[in-house]
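A short write-up of the structure that comes next.
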Amino acid sequence: MHELSITRNIVAIVEEAAKGRRVRGVTLEVGELSGVVSEAIAFCFDVVTAGTALEGASLEIHKIEGRARCESCGAEFATATLFAACACGSGRLTRLHGEELNVKSMELMEAA
Ligand SMILES: [Zn+2]
């Protein structure tokens, strides 16, 4: 499962950044065109974080709208897939944004 390894990577990045401190919450940005299913990340999160500094941490996922530009007529529009067609009928689309998969922020517990 693709999202399981992605979630492992995210958890590793956050744990590294936390430098041994406990993590209370993590916010991710996931683009609609990234091919990543947010719900699957959320599902994997609890499993992957067990026994790590992120155990019990909350997870918030902000979805970023996909945007594409038509190479034929130059129109720009929101889309959740690059397999869409422009209103002009062309299928030659270039991704503008929506490919993001970022750790936007993390919240650490106060040091004891
Ligand atoms: Zn077009």
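Tabulated values for the structure
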| item | result |
| --- | --- |
| Near pairs, Cβ below 6 angstrom, 6+ apart or cross-chain, from the stretch 27-48 (in contact (Cβ under 8 Å) with a residue 24 or more places away in the chain and closer than 28 Å to R95 by Cα) to any residue that is among the acidic types (D, E) and part of a strand (DSSP E or B) | T27/E60 |
| Selection status of T27, of a type in the set (S, T, Y) and either in contact with a helix residue (DSSP H, G or I) (Cβ under 8 Å, 6 or more places away or on another chain) or at pLDDT 95 or above (or both) | yes |
| Subset of the stretch 1-37 [of a type in the set (G, A, S), part of a helix (DSSP H, G or I) and buried (at least 17 other Cβ atoms within 10 Å of the Cβ)] | A18 |
| Listing of strands (runs of 3 or more DSSP E) fully contained in the stretch 65-112 that carry 2 or more residues being closer than 22 Å to V37 by Cβ | 67-70, 93-97, 101-108 |
| The stretch 89-107 residues that are farther than 10 Å from E71 by Cα, paired with ones that are of a type in the set (S, T, Y) and part of a strand (DSSP E or B) (beta carbon under 7 Å, 6 or more apart) | K104/T27; S105/T27 |
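Residues checked against (1) within 16 Å of the ligand (Cβ to nearest atom); (2) among the aliphatic types (A, V, I, L, M):
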position	(1), (2)
T49	no, no
A53	no, yes
E65	no, no
R69	yes, no
C73	yes, no
T79	yes, no
R92	yes, no
H97	no, no
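The values are calculated or read from the model by the stated rules, or taken from the named source; none is laboratory data. Nothing here was measured: the structure is a model prediction, and the numbers come from that model. Ideal geometry is used to build each Cβ from the backbone, glycine not excepted, and the neighbour counts take in all protein chains shown.
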